[in-house]
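Throughout, read-outs are computed from the coordinates displayed, never taken from laboratory work. What you are looking at is a predicted structure, and each value in this text was computed from that prediction instead of being measured. Don't worry about glycine lacking a Cβ; one is built from the backbone with ideal geometry, like all the others, and counts go over all protein chains shown.
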Amino acid sequence: MDLGESSIGLVLRARSGFYDVETEAGMVQAQLRGRVRKDSHAIAIGDRVQVRGTEGGKVMIESVQPRERVLSRRDPGREAEQVLIANPDQAVFVFACADPDPNFRMMDRLLVMAESEAIPSIICANKIDLVKPNSAREEFGEYSDIGYPVFYTSATNGKGVKALRKQLKDKISVFAGPSGAGKSTLLNALQPGLGLHTQEVSEVGLGAHTTVVRELLPLIGGGYVADTPGLRAFALWDIEPEELDGYMPDLAALVDRCEFNDCTHIHEPGCAILAAVEAGQISPERYYSYLRMREGDVN
């Protein structure tokens, strides 16, 4: 980039204070100006930034444009926000049907976080080759009933990969899910040659962190996808307990029918959600997820 030249670009990769930024003029490696560095924790992949060429051929990030949305969680071990990606068009939550067994409590937390930021969510039930026919749909079908698109995939035999690839076209997508769900292997199946490093799931079913640097990867058919490190825990960030029912569509549809405006849906008389659970209209598992999130569950 020429001296003094300015451009708006998309942050594709961040590592050790350097950022790969895609601009109209091509890819540049940029650093932070002093006034931006003070708030450098706020720069993430997916951010749109203004960059400018300086003396010595360096490119500096001058400012960060306001975000439209962000997928984040509470940073493990401290009370701070950890941004997974800024400005995604959609989130793809990948969970294995087996090896390891799906953690639906984590899925519900991811869906709530996405709902709070108005990020369209897609559920990917991966490794369908490891379970009996129709059993995956029996386990994940509840989410289709709620209104979430569910894709059933196998990187091993290729089932569902074509449909998922079409869903990613021309969008900025983020893949997230627990360790061992097969996100990186699935991405390799979606676009051979991405060169993502994958590892076998450990014998105890905990998986392994195979992705250590967050980055946006360009897709041949158009769009980008981010592969995030496997999650062992996911704690909600900046969501109050009384807001939870509004971010769970199956509960939100009934809130107005509760007798009390400040109903917690735990013990109050005239609670429409408790009545729906009793009548089988809301699954006990989803209701239990709601209770666990109110308690601050991260696992």
Query raised in the report: Whose amide H sits under 5 Å from the amide H of Leu216, counting only residues 5 or more places off or on another chain, with H placed in the peptide plane?
Result: Arg13
Query - Residue among Arg33, Arg214, Arg48 with the largest mean-square fluctuation in a Gaussian network model of the chain, springs linking Cα atoms under 10 Å - result: Arg33
Report task. Take every Cα-Cα pair in the range 241-294 and report what % of them are more than 15 Å apart. Result -> 37 percent
Query raised in the report: Hey, in the GNM for the chain with a 10 angstrom Cα cutoff, which one of Ser184, Ser116, Ser135 fluctuates hardest?
Result: Ser135
Query raised in the report: If you count the DSSP beta bridges with both ends in the range 70-227, what percent of them are antiparallel, to the nearest 5?
Result: 30 percent
Query raised in the report: Mind checking which lysines have their C-alpha under 26 Å from Lys162, skipping anything on the same chain fewer than 8 residues away?
Result: Lys127, Lys132, Lys171, Lys183
Report task. State the antiparallel share, in %, of DSSP beta bridges confined to the chain, rounding to the nearest 5. Result -> 60 percent
Report summary line: In nm, the gap between the two label points placed 7 Å beyond Cα toward Cβ at Arg78 and Glu5 is 3.8 nm
**Report entry** For the range 264-299 and the range 88-142, distance of Cα centres in Å
**Finding:** 20 Å
Requested in this report: Taking only Cα atoms and a 10 Å spring cutoff, compute GNM fluctuations for the chain and point out the largest among Ile45, Ile123, Ile220.
Outcome: Ile220
**Report entry** Kirkwood Rh, angstrom, the range 50-206 [1 / mean 1/r, Cα pairs]
**Finding:** 17.2 Å
